[in-house]
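Colleague: One structure, as structure tokens, below. Some questions next.
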Amino acid sequence: MKIINSIEQLRKDVIRRKEEGDTIGFVPTMGYLHEGHLALAKQARAENDFVIMSIFVNPTQFGPAEDYEKYPRNEQRDVALAAGADVDIVFMPDVKEMYPRVGTIDITPGVQANVLCGKTRPSHFDGVLKIILKFFNIINPDRSYFGMKDAQQLAIIETFVEDFNFNTTIERVPTKREKDGLAKSSRNVRLTEQERLEAPAIYEALKRGKEIFEEKKDIQQTEDEVRKYIEANISGEIDYISFLAYPSLEPWTTGDEEAILACAVQFEQTRLIDNLLLTTKG
Ligand code: AMP
């Protein structure tokens with residue numbers, strides 16, 4: 001496995017691979033790798049000749065009061081895990097390499113960014129699209145791998161790719177969970193011992209909500225069920241609980257084939273998100 005820090009070097013390697021006719025799978029991450037990231041890498045490995053993983057804590061997707069500085073990092077461990085997942089190149093640029101100038105052109109997503117996390121993180125998805133656009137332009141991947149854990153991000157990126165005709169296929173990867181149901185996340189290490197014990201209740205609440213929806217087909221009752229369970233079991237504060245059509249993220253109506261039941265909870269030091277995808281037609 002090769003570690004590359006410069007855009008120029010990465011471009012050279014990509015060109016060489018493309019000349020040899022290799023397909024390229026791309027896995028963007030912010031590092032502090034866990035089994036969720038590795039599931040993306042595994043799928044990329046199975047479906048492409050060559051796999052590139054980026055590890056970059058992207059400052060433009062963090063708000064001023066958010067956890068950019070405190071975001072967990074461990075490059076050495078990440079490199080070992082990526083090598084174990086048979087990744088071909090790990091791209092680890094520094095901030096200057098990706099953003100040599102500040103205050104340049106911004107990218108603003110549409111209505112999909114006005115709901116869920118977009119409400120409390122107003123410029124978050126601008127930053128996500130900016131870095132993803134840069135990566136797509138540098139790597140030109142055949143397939144790009146994103147986790148359903150960040151369902152809103154995935155929906156916005158699918159729209160971005162369609163709207164702007166990027167020549168890459170977006171692959172959705174299901175959420176990997178701890179044994180107790182908590183969605184794997186780099187941010188889980190920032191939970192206190194007590195919060196870590198409580199946190200699996202998020203998934204449990206979503207599962208209960210899903211059952212209510214399947215039984216009653218009533219959004220209000222579904223969201224209420226999730227809220228009730230989280231409030232009874234978690235000391236953190238609910239940011240949102242929301243049932244929306246997927247991937248449009250519009251209000252759900254009976255004609256929609258898929259929906260997500262999503263929630264975000266703010267704990268003392270960290271904010272966790274989770275969701276369930278539901279088939280809602282038929
Ligand atoms: P991050 O490093 O948190 O930006 O995540 C990088 C990629 O890994 C994103 O596409 C995430 O959706 C995905 N990811 C994060 N956690 C999980 C998980 N538990 N299961 C599957 N994919 C995940």
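The values are calculated or read from the model by the stated rules, or taken from the named source; none is laboratory data. Because the structure is predicted, anything quoted here is derived from the model rather than measured. FYI the Cβ positions are ideal-geometry reconstructions off the backbone, even for glycines, and counts take in every protein chain you see.
Matching residues to (1) touching a residue at least 24 places away in the same chain (Cβ under 8 Å); (2) over 17 Å from the mean Cα position of the chain (by Cα):
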| residue | (1), (2) |
| --- | --- |
| Q221 | no, yes |
| G236 | yes, yes |
| F243 | yes, yes |
| D256 | yes, yes |
| D274 | yes, no |
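Colleague: Another question about this same structure. Condition test on G103, is it touching a His at 6+ places or on another chain (Cβ under 8 Å), not in a helix (DSSP H, G or I) and not assigned by TED's automatic domain parsing to the domain that holds E250? Break it down stepwise before answering.
Modeller: Details: touching a His at 6+ places or on another chain (Cβ under 8 Å): no; not in a helix (DSSP H, G or I): yes; not assigned by TED's automatic domain parsing to the domain that holds E250: yes.
Here the answer is no, as G103 does not meet what is asked.
Colleague: Go through the stretch 47-96 and count every residue that is part of a helix (DSSP H, G or I), of a type in the set (A, V, I, L, M, F, W, C) and within 28 Å of R121 (Cα to Cα). Can you show your working first?
Modeller: Going through the stretch 47-96, the residues part of a helix (DSSP H, G or I) turn out to be 47, 59-61, 75-84, 95-96.
From what is left, the residues that are of a type in the set (A, V, I, L, M, F, W, C) are 79-83, 95.
Those left that are additionally within 28 Å of R121 (Cα to Cα): 95.
Result for the stretch 47-96: 1.
Rundown of residues vs (1) charged (D, E, K, R); (2) modelled with pLDDT of 95 or more; (3) buried (at least 18 other Cβ atoms within 10 Å of the Cβ); (4) closer than 22 Å to K18 by Cβ, yes/no style:
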residue: F136; (1), (2), (3), (4): no, yes, yes, yes
residue: G147; (1), (2), (3), (4): no, yes, yes, no
residue: A151; (1), (2), (3), (4): no, yes, yes, no
residue: A155; (1), (2), (3), (4): no, yes, yes, no
residue: K176; (1), (2), (3), (4): yes, yes, yes, no
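Colleague: Name the residue, out of I234, I230, that is in contact with a Gly (Cβ under 9 Å, 6 or more places away or on another chain) and in the same structural domain as R190 (by TED's automatic domain parsing). Can you show your working first?
Modeller: Working: I234 fails: in contact with a Gly (Cβ under 9 Å, 6 or more places away or on another chain).
From the options I234, I230, the qualifying one is I230.
Colleague: For E268, indicate whether it is part of a loop (DSSP other than H, G, I, E, B), outside the structural domain of T120 (by TED's automatic domain parsing) and either of a type in the set (A, V, I, L, M) or surrounded by fewer than 21 Cβ atoms within 10 Å (Cβ to Cβ) (or both). Lay out the reasoning, then the answer.
Modeller: Details: part of a loop (DSSP other than H, G, I, E, B): yes; outside the structural domain of T120 (by TED's automatic domain parsing): yes; either of a type in the set (A, V, I, L, M) or surrounded by fewer than 21 Cβ atoms within 10 Å (Cβ to Cβ) (or both): yes.
Yes; evaluated as a whole, the condition is true for this residue.
Colleague: Given G36, G21, which one is at pLDDT 95 or above, out of contact with any Phe, Trp or Tyr (no Cβ under 9 Å at 6 or more places or on another chain) and under 20 Å from I156 (Cβ atoms)?
Modeller: Values: G21 fails: under 20 Å from I156 (Cβ atoms).
Just a single option satisfies the conditions, and that option is G36.
Colleague: Considering only residues that are farther than 20 Å from A151 by Cβ and either touching a residue at least 60 places away in the same chain (Cβ under 8 Å) or crowded, with 16+ Cβ neighbours inside 10 Å (or both), look in the stretch 190-209 and name the one that is farthest from the ligand (Cβ to nearest atom). Give the steps one after another, and end with the answer.
Modeller: So in the stretch 190-209, the residues farther than 20 Å from A151 by Cβ come out as 190-198.
Adding the requirement that they be either touching a residue at least 60 places away in the same chain (Cβ under 8 Å) or crowded, with 16+ Cβ neighbours inside 10 Å (or both) leaves 190-192, 195-196, 198.
On the way: R190: 13, L191: 15, T192: 20, E195: 17, R196: 15, E198: 18 Å.
The qualifying residue farthest from the ligand (Cβ to nearest atom) is T192.
Colleague: A follow-up question, please. Sort out which residues of the stretch 6-47 are out of contact with any strand residue (DSSP E or B) (no Cβ under 8 Å at 6 or more places or on another chain) and more than 16 Å from the ligand (Cβ to nearest atom), and write them in order of number.
Modeller: Narrowing the stretch 6-47 to residues out of contact with any strand residue (DSSP E or B) (no Cβ under 8 Å at 6 or more places or on another chain): 6-9, 11-12, 15-16, 19-21, 32, 34-35, 38, 42, 46.
Correct list: S6, I7, E8, Q9, R11, K12, I15, R16, E19, E20, G21.
Colleague: R187: in contact with a Leu (Cβ under 7 Å, 6 or more places away or on another chain), within 14 Å of the ligand (Cβ to nearest atom) and under 26 Å from K42 (Cβ atoms), yes or no? First the steps, then the outcome.
Modeller: Values: in contact with a Leu (Cβ under 7 Å, 6 or more places away or on another chain): yes; within 14 Å of the ligand (Cβ to nearest atom): yes; under 26 Å from K42 (Cβ atoms): yes.
Criteria met by R187.
Colleague: Can I238 be described as part of a strand (DSSP E or B) and more than 17 Å from Q152 (Cα to Cα)?
Modeller: Details: part of a strand (DSSP E or B): yes; more than 17 Å from Q152 (Cα to Cα): yes.
So I238 passes the test.
Colleague: Of all residues in the stretch 50-74, count the ones that are more than 12 Å from the ligand (Cβ to nearest atom) and closer than 15 Å to K2 by Cβ.
Modeller: 3
Colleague: Residue by residue through the stretch 1-37, note down the ones that are assigned to a helix (DSSP H, G or I) and within 13 Å of the chain's Cα centre (by Cα).
Modeller: Result: G36, H37.
Colleague: Further, regarding this structure: If I ask for residues that are among the charged types (D, E, K, R) and within 7 Å of the ligand (Cβ to nearest atom), which ones from the stretch 167-184 would you list?
Modeller: The first filter runs over the stretch 167-184 and keeps only residues among the charged types (D, E, K, R), leaving 171-172, 176-180, 184.
K176, R177, K184 - these are the residues of the stretch 167-184 that are among the charged types (D, E, K, R) and within 7 Å of the ligand (Cβ to nearest atom).
Colleague: All but one of (1) assigned by TED's automatic domain parsing to the domain that holds N114; (2) part of a strand (DSSP E or B); (3) more than 10 Å from the ligand (Cβ to nearest atom) hold for Y145; state the number of the condition that does not hold.
Modeller: (3) is the only condition that Y145 fails.
Colleague: I would also like to ask the following. So in the stretch 105-140, with the set limited to residues that are of a type in the set (D, E, K, R) and within 27 Å of M92 (Cα to Cα), which one is farthest from the chain's Cα centre (by Cα)?
Modeller: Step one: list which residues in the stretch 105-140 are of a type in the set (D, E, K, R), which gives 106, 119, 121, 126, 130, 134.
Right, trim to within 27 Å of M92 (Cα to Cα) and you get 106, 121, 126, 130, 134.
Details: D106: 20, R121: 14, D126: 14, K130: 15, K134: 17 Å.
Ranking the candidates gives D106 first.
Colleague: Another question, if that's okay. How many of the residues in the stretch 164-216 are within 30 Å of G110 (Cβ to Cβ), of a type in the set (K, R) and part of a loop (DSSP other than H, G, I, E, B)? Outline the logic, then answer.
Modeller: First, pick out the residues of the stretch 164-216 that are within 30 Å of G110 (Cβ to Cβ): 164-176, 183-187, 202-203, 205-206, 209-210, 213.
Within this subset, residues satisfying the condition of being of a type in the set (K, R) are 172, 176, 184, 187, 210.
Right, trim to part of a loop (DSSP other than H, G, I, E, B) and you get 176, 184.
Total meeting the criteria: 2.
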